[in-house]
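Asker: Have a look at the structure that comes next, please.
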Amino acid sequence: QVRLVESGGGLVQPGGSLRLSCVVAGSGFSVYTMGWHRQAPGKQRELVAAITSSGRTNYGDSVKGRFTISRDNAKNTVYLQMNSLKLDDTAVYYCNTPQAAFSWGQGTQVTVSS
């Protein structure tokens, strides 16, 4: 059973930065493609970034050039560095595989506000 624990969210001003972390408790982390999803109020959850087991990355158009996904297989952890944050980035952020293969964690709230 895989458990996902996200952290690192908070309140930040537009243009600011945050770094999210997700610890994946369970075996097999290194072979999974992992992603960061987000859900804004009143909107569907969307995948914003993904990273393969070999480190290849892919980003949604709305975050490309601002967000960076990375992973540390030794720590079973996936990260999301978010720079140049915008008001529209306000959401609860979750990690999971791109296909949401695991049960969702509690997520971490990111609020961008002046």
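Asker: Run the simple label-point estimate for Thr33 and Arg19 please: 7 Å along Cα→C-beta, distance reported in nm.
Answerer: In this crude label model, Thr33 to Arg19 measures out at 2.6 nm.
Asker: Okay, moving on. Need one number: nm distance between label points at Gln81 and Ala100, each 7 Å from Cα along Cα→Cβ, rounded to one decimal.
Answerer: 2.9 nm
Asker: Please give every one of the aspartates and glutamates within straight-line cross-link reach of Lys86, meaning a C-alpha to C-alpha distance under 16 Å, and leave out same-chain neighbours fewer than 8 residues apart.
Answerer: Candidates past the 8-residue exclusion: Asp61.
Asker: Something else now. So for the chain, averaging the separation of alpha carbon pairs under 8 Å that are six or more residues apart and normalising by length, what relative contact order in percent results? Working shown, then result.
Answerer: Details: 277 pairs, mean separation 42.5, N = 114.
Normalised by residue count, the contact order of the chain is 37 percent.
Asker: So if each residue of separation counts as 0.36 nm, and I subtract the Cα-Cα distance between Ser7 and Gln109, what length gain in nm does that give?
Answerer: On the way: separation 102, 0.36 × 102 = 36.72 nm, distance 0.86 nm.
Answer, rounded to one decimal: 35.9 nm.
Asker: Can you check how the C-alpha radius of gyration of the chain compares to 2.2 N^0.38 Å, as a plain ratio? Write out the running numbers ahead of the final one.
Answerer: Numbers: Rg = 13.1 Å, N = 114, 2.2 N^0.38 = 13.3 Å.
This ratio for the chain stands at 0.98.
Asker: Leaving out same-chain residues fewer than 8 places away, which aspartates and glutamates sit with a Cα under 15 Å from that of Lys64?
Answerer: Of all the aspartates and glutamates, those that pass the test against Lys64 - Cα under 15 Å, at least 8 places apart if same chain - are Glu46, Asp88, Asp89.
Laboratory data are not the source of any read-out in this text; all were calculated from the coordinates shown. For clarity, every value in this text was computed on a predicted model and none was experimentally measured. Cβ sites come from the backbone with ideal geometry, for glycine too, and all protein chains shown count toward neighbours.
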